[in-house]
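Asks: Sharing a structure with you now.
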Amino acid sequence: MRKIIVQKFGGTSVADTEKIKNVAKTVIREKENGNDVVVVVSAMGHTTDYLVKMAHDLAPNPSGREMDMLLSTGEGVSIALLAIAIQAAGYEAVSFNAMQVGIMTENVHSKARIVDIKTEKLRKNLNEGKIIVVAGFQGVTEDGEITTLGRGGSDTSAVALAAALNAERCDIYTDVEGVYTTDPRVVPNASRLKEISYEEMLELAHAGANVLHPRSVETAKQFNVPLRVRSSFKLDNLGTLIVGVDKMEIYKPVAGVAADSSQARIVVCDVPDKPGSAATIFSKLAKENISVDMIIQSYPRKISNTNDIAFTIDSSDLAKTIATLDGIKADLNCGEIKVDDNIAKVSIVGAGMIDRPGIASTMFETLAEQGINIRMISTSEIKISCLVDKDKAQQAVKALHKVFELECDEVAEVKGTLPDV
Ligand code: ADP
Ligand code: ASP
Ligand code: MG
């Protein structure tokens, strides 16, 4: 039986027609290797950012449904153009959007999870020898409503398709040559990792390393999809393989450093110190589909018998979070609700830090030497995160990257530019 390879190309890789022609060549090369190919593409260049900006020019808080209708159009353009480019090179290709394939999601806008992928149409077209081009990032509900998977979600579309089709491999082609010890745009001499475990990659992705969408890593781990991140511009470079932790040799305690500047901190002050207070806050937020990251509850004050509950959320959920908390303020009988979005989360990640004392203290000392104040701390077995002022995030990343000896002598090549919207 022929093997199925899923390839995914991000926005920079399909930014203009010249680049789309190049992508077509890479796709055809895989087909010529004797494999069946399913290609997933993102919207061209910074299209999604421009679409978001246009919507926000019209309304401060546009409806989730219409945002998904709008943002899903970006991928609609790139799939058709890539199919046209492949056909022009003499190969049979067909493009499908999520509705045509049946990429079924939950009924949630802007960050829907995939629940099922229909494979009949895909298999039929592969059996006919066609290269299939599928729109990333989008899904459809049972009621036929268009959804999107969250920013950067095309990675998840690709891995989910690879899992559904039992593909041999999922290759994520992007504008850097793999997964680095930190964002090479911030630290140019960051080192490329030959391999990284699913667990570490998942923590790094959640911590802000947007080279992979967190749910793509989660899905790859769950369904054992061999996943590779590689450059769409330097094809001979094999990039980074994401593997099971048992297959890895761990020599450094810290595998990578990441920063996430898209967080906001909320403090609910003077919450009555009694059973049910935290449950009221977080169950209401969960009902609104708002994910909470770090949480700290202060020691109760003796006289008032209240405490403060501080937590972080993604800033895109800020307006919804404030509205939700305002709605329960009276019931909760709490005090002021303070908001601070001038913060960033800086994290170090590494399976090698398990049972190795001193990693946290090195992190805190390094931040202290840089004069960076830590506002909140959270840890997992393989991650330590500190909340710092937003304007100190890059300085913190550089210092931590250095102290944990993650640099190399080479300077990473980074294609594409950051959006100017
Ligand atoms: P695409 O459009 O191909 O999906 P993204 O912009 O989503 O590309 O992801 C690639 C970018 O991720 C890189 O250009 C880089 O700036 C950033 N990045 C952040 N952390 C890392 C990391 N640890 N390794 C590699 N790239 C990283
Ligand atoms: N086009 C979408 C975005 O910019 C999805 C993706 O690129 O993965 O977020
Ligand atoms: Mg991406």
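The values are calculated or read from the model by the stated rules, or taken from the named source; none is laboratory data. Keep in mind it's a predicted model, so treat the numbers as computed, not measured. Cβ coordinates were reconstructed from backbone atoms using ideal geometry, including for glycine residues, and neighbour counts include every protein chain displayed. All accessible areas refer to the heavy atoms of the entire protein, side chains included, with ligands and DNA or RNA removed. Shrake-Rupley method; radii C 1.70, N 1.55, O 1.52, S 1.80 Å.
Asks: For the range 7-112, what number results from the quotient of the Cα radius of gyration and 2.2 N^0.38 Å?
Replies: Details: Rg = 15.5 Å, N = 106, 2.2 N^0.38 = 12.9 Å.
That ratio works out to 1.19.
Asks: Moving to a separate point now. Taking R0 as 60 Å, what FRET efficiency do you get between GLU142 and ASP409 from their Cβ-Cβ distance, rounded to the nearest 0.05? Walk me through the intermediate numbers first.
Replies: Working: r = 54 Å, r/R0 = 0.90.
Efficiency, rounded to the nearest 0.05: 0.65.
Asks: While we're on this one: Do the sum for the chain: with -39,500 (n - 2.57) for every DSSP H run of n ≥ 4, divided by all residues, what is the mean residue ellipticity at 222 nm, to the nearest 500 deg cm²/dmol?
Replies: Using -39500 (n - 2.57) per qualifying helix, the result is -10500 deg cm²/dmol.
Asks: Would you kindly compute the Cα radius of gyration of the range 44-200 and its largest Cα-Cα separation (Dmax), both in Å?
Replies: When restricted to Cα atoms, the range 44-200 yields Rg and Dmax of 17.2, 49 Å.
Asks: While we're on this one: Would you mind getting the accessible area per residue of the range 1-89, heavy atoms of the protein chains only, 1.4 Å probe, in Å²? Spell out each step's value before the answer.
Replies: On the way: 4150 Å² over 89 residues.
Result: 47 Å² per residue.
Asks: Still on this structure: Where does each of HIS46, HIS213, HIS401 land when they are ordered by accessible area, with a 1.4 Å probe and the largest first?
Replies: Largest accessible area first, the list is HIS46, HIS213, HIS401.
Asks: Provide the three semi-axes, in whole Å and in decreasing order, of the ellipsoid equivalent to the range 49-99 as defined by the square roots of 5 times the Cα gyration tensor eigenvalues. Could the numbers behind the result be given before it?
Replies: Working: eigenvalues 193, 25, 3 Å².
Value: 31, 11, 4 Å, ordered largest first.
Asks: Sticking with this structure for a sec: Using +1 on the beta carbon of Lys and Arg, -1 on that of Asp and Glu, and nothing else charged, what's the dipole of the chain about the Cα centre, debye to 20?
Replies: On the way: 47 positive and 57 negative charges, 104 e Å.
In total the dipole reaches around 500 debye.
Asks: Would you kindly give the portion of the calculated P(r) for the range 1-55 that falls above 16 Å, as a percent of all Cα pairs? It would help to have the intermediate numbers written out before the result.
Replies: Values: 716 of 1485 pairs.
Looking at the range 1-55, the distances longer than 16 Å represent 48 percent of pairs.
Asks: Let me know the Rg and Dmax you get for the range 155-285 when you use only its Cα atoms, in Å.
Replies: 18.1, 61
Asks: Same structure, new question: Within the range 195-279, what whole-number % of the accessible surface is contributed by carbon and sulfur, with the 1.4 Å probe and all protein chains included in the calculation?
Replies: 52
Asks: Can you give me the three principal axis dimensions of the range 236-330 from its C-alpha atoms, in Å, biggest first?
Replies: Principal-axis extents of the Cα atoms in the range 236-330, largest first: 63, 30, 21 Å.
Asks: Another one. When all alpha-carbon pairs of the range 247-390 are counted, what percent fall beyond 20 Å? Before the final figure, lay out the partial values.
Replies: Numbers: 5575 of 10296 pairs.
Looking at the range 247-390, the distances longer than 20 Å represent 54 percent of pairs.
Asks: On to the next question. How big is the Cα convex hull of the chain in projection, averaged over all directions, in nm²?
Replies: Seen from a random direction, the Cα hull of the chain projects 22.0 nm² on average.
Asks: Mind checking the per residue accessible area of the range 317-412 for me, 1.4 Å probe, whole number of Å²?
Replies: Numbers: 4860 Å² over 96 residues.
I get 51 Å² per residue for this part.
Asks: Once you put a point 7 Å from the Cα of THR280 and another 7 Å from the Cα of VAL245, both along the Cβ direction, what distance in nm separates them?
Replies: Each label point lies 7 Å from its Cα, and together they span 3.8 nm.
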